[in-house]
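Report on one structure; see the data block that follows.
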Amino acid sequence: MHNVVILGSGCAGNTAAIYTARAGLKPLVLMGKEPGGQLSITSEVENFPGFPEGILGPQLVENMKLQAERFGAEFRLGEVVGADLSRRPFRLSVDGEWIETSTLIVATGASARWLGIAGEKDLIGKGVSSCATCDGFFYRGKKIMVVGGGDSAMEEANFLTRFSDVMLVHRREEFRASKIMIDRVKANPKVKMVLNTVVDEVLAHETGIVGGARMRNVKTGETWTEEVDGFFVAIGHIPNTKPFAGQLDMDEEGYLISHGGARTNIAGVFHAGDVQDRHYRQAITASGAGCMAAMEAERFLEAEGH
Ligand code: NDP
């Protein structure tokens, strides 16, 4: 049986691993369906303190993992598909095996949200993508569309202009993104903004790859078709909390509800990072939350005479 199992290997999980490993708790980190979390699919991180020149996202998260391993954390590939948190030890179903643990840190993060429009799901990997840094390269000189109005959409639109001109489609006139990100996009002559507009369908060529998008202006009702090769969706994320439904308190969107500090409604189960945080969602706040969860798990075990 483990002292601490940490679910997720993004900034939150890896920081929790560093702290619990240094406390001698020999944590097991189950790396989840997206090892390295969201940083593993970003490019440059400019706002993580301590890196004045910036650092690549995958490098930053790999550094954290190496740091945790140095103190004895064990990392294992695997995703929890079921959990029994009704009694201790807690039990987790991973790859057909049950793992038992005295305490649990849920740092499962959040995954890309999709539009849910016709054509989208079928064409994922065939022109539809949620990750510009992963897939942008394939659309050099092609027609690229980005949907969204937050910082992710701005970042992706800017990044993708390395490869081609970009059409940025947003359903409103105002952007949710921060001013600095909007200004960068506005200053980039390779980005064309199409506002008050939604995409109703992603269209496929006869060859089965993305060929276009059916557009609609929500103010005028006008509809038209754009030619598109790369269709990038950047409209936010959904928390990964499915295995804990009915056991851990969550809000209507599935984000875990904090019961003070890093505590959930179940004693011995703690939360860290984007799985609970719908407001800040930064690498540094996720790391901070991982630290809090680790310290609480440590104190919890200590109070039990561990
Ligand atoms: P956000 O939730 O901030 O923005 C989502 C955007 O997608 C909104 O503009 C929203 O429109 C739009 N949207 C949502 N659903 C739909 C839909 N069904 N159809 C059309 N449009 C839709 O998510 P982000 O991923 O952009 O950002 C998440 C967090 O990460 C933020 O805190 C952000 O600051 C941060 N971030 C920071 C970066 C940086 O600093 N370098 C880079 C990337 C992200 P509407 O506004 O109308 O609701």
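The values are calculated or read from the model by the stated rules, or taken from the named source; none is laboratory data. None of these values were measured; they are calculated from a predicted model. Here the Cβ positions follow ideal geometry from the backbone for every residue, glycine too, while neighbour counts run over all protein chains shown. Keep in mind that these areas ignore ligands, DNA and RNA; they rest on the heavy atoms of the full protein, side chains included. Shrake-Rupley method; radii C 1.70, N 1.55, O 1.52, S 1.80 Å.
Mind checking which residues of segment 22-61 are crowded, with 23+ Cβ neighbours inside 10 Å, away from the ligand (no atom under 14 Å from the Cβ) and in a helix (DSSP H, G or I)?
Passing the criteria: only Val61.
Can you tell me which residue among Ala267, Ala272, Ala297, Ala303 is over 26 Å from Ala112 (Cβ atoms), modelled with pLDDT of 95 or more, away from the ligand (no atom under 16 Å from the Cβ) and open to solvent by less than 30 Å² (accessible area, probe 1.4 Å)?
Just a single option satisfies the conditions, and that option is Ala297.
For Gly149, all conditions in the list (1) within 16 Å of the ligand (Cβ to nearest atom); (2) open to solvent by 70 Å² or more (accessible area, probe 1.4 Å) hold save one; what is the number of the exception?
Among (1) within 16 Å of the ligand (Cβ to nearest atom); (2) open to solvent by 70 Å² or more (accessible area, probe 1.4 Å), Gly149 violates only (2).
Condition first: closer than 15 Å to Asp165 by Cβ and either in a strand (DSSP E or B) or not assigned by TED's automatic domain parsing to the domain that holds Gly119 (or both). Now tell me which residues in segment 180-212 satisfy that.
Val191, Lys192, Met193, Val194
Would a scan of segment 283-291 turn up a residue that is surrounded by 15 or more Cβ atoms within 10 Å (Cβ to Cβ), over 26 Å from Arg113 (Cα atoms) and not small (Gly, Ala, Ser)?
Within segment 283-291, one or more residues are surrounded by 15 or more Cβ atoms within 10 Å (Cβ to Cβ), over 26 Å from Arg113 (Cα atoms) and not small (Gly, Ala, Ser).
Which strands (runs of 3 or more DSSP E) does segment 78-125 wholly contain that include 1 or more residues that are in contact with a Ser or Thr (Cβ under 9 Å, 6 or more places away or on another chain) and within 16 Å of the ligand (Cβ to nearest atom)?
110-112
Residue check: is Glu69 over 23 Å from Glu302 (Cβ atoms), under 15 Å from the mean Cα position of the chain (by Cα) and open to solvent by 20 Å² or more (accessible area, probe 1.4 Å)?
Criteria not met by Glu69.
If a residue must be among the hydrophobic types (A, V, I, L, M, F, W, C), assigned to a loop (DSSP other than H, G, I, E, B) and within 14 Å of the ligand (Cβ to nearest atom), how many such residues does segment 226-262 contain?
Residues meeting the conditions: 2.
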